[in-house]
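Here's the structure, in structure tokens; my notes come after.
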Amino acid sequence: MTRKGAGDSNWLTQPDHPLTARVMVNRIWQHHFGRGLVQTPNDFGVRGLPPTHPELLDHLAIEFIRRRWSVKSMHRLIMLSATYQQASGPVADPAYASFPRRRLSAEELRDAILMVSGELDRTPGEGHPFPPPAKWGYTQHSPFSAVYDHNRRSVYLMTQRLKRHPFLALFDGADPNASTADRLDTTVPTQALFFLNDPFVHTAADRWAGRLLADNADDSTRIEHAWRTAIGRGPSEVEAVEAAEFLSVYRNELQAQPVNEIERMSLAAYLRTLIGSNEFLHVD
């Protein structure tokens, strides 16, 4: 390949570039199957691993270029394939295995909590309220550090190199100081404690409970609606009974509170258990 001149801003996406399309389709494949055809997605050089299926990688790269570099078109191509649509289970070729069960990424989890609570702001993000330059006085020992929270999608959260957003740091968000080709999941007690104690979860559950109570339905209808919103299915008979028992016991512990507060607090407490459940946190 002959590299284009320094003044040609399109040299990286020329059809004869040997890497650009391959790197991108490998990332798209990794997104859908949990592993790339090249399992070192940040290194296509001599120290990286060779592709497990070079012909497939080349075919996807050619299709990507032919489809005018449309990422949406590649998602559609892969998701409509027989490989993607096969059931989970052991297969002879791991590269063609269906997507393994995984935990939601930090950004997906935050967005999901906001979505089920009804608090997700779907409008585009705006500029962050940074202090005016006249007030800047940051030094090596007193660097800039701020968290500008909002209810928009997590893609609009401010990213700073020195310190990750507390939520993204707790749930293994990407390191802002390096290119993160594949995230590592950790399971630590502070994650479980987050769902029990953090004001973000309490506020989301409280707002969600308020919306369910506004419908003036009975407990079983509220539980059914909550499960379908959070889990995508209705509760089983056992789960419905457990939910009713939870609400009953919780209400007995709140007898000193006003009746309307008892309803809201008990339902919000149950909704927190749904938000912290494995089925909510994972994609099958």
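The values are calculated or read from the model by the stated rules, or taken from the named source; none is laboratory data. Predicted model, so just to flag it, every value in this text is computed and none were measured. Note that each Cβ is placed from the backbone with ideal geometry, even for glycine, and that neighbours are counted across all protein chains shown.
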Quiz item: For segment 171-198, which residues satisfy the criterion of being touching a residue at least 24 places away in the same chain (Cβ under 8 Å) and more than 13 Å from the chain's Cα centre (by Cα)?
Solution: Ser179, Ala181, Asp182, Ala192, Phe194, Phe195, Leu196
Quiz item: How about segment 197-220: which of its residues are in a helix (DSSP H, G or I), under 16 Å from Glu261 (Cα atoms) and of a type in the set (S, T, N, Q)?
Solution: Thr203
Self-check item: Looking only at segment 198-224, and only at residues there that are surrounded by 12 or more Cβ atoms within 10 Å (Cβ to Cβ) and polar (S, T, N, Q), the one that is nearest to Arg110 (Cα to Cα)
Solution: Thr203
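Quick grid of which residues meet (1) at pLDDT below 90; (2) assigned to a helix (DSSP H, G or I); (3) within 27 Å of Asp185 (Cβ to Cβ):
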site	(1), (2), (3)
Pro18	yes, no, no
Ala21	no, yes, no
Ile28	no, yes, yes
Pro50	no, no, yes
Glu63	no, yes, no
Met74	no, yes, yes
Leu77	no, yes, no
Ala87	yes, no, yes
Val91	yes, no, yes
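Return yes when Ile262 is under 17 Å from Leu212 (Cα atoms), hydrophobic (A, V, I, L, M, F, W, C) and at pLDDT below 95 and no when it is not.
So Ile262 fits the description; yes.
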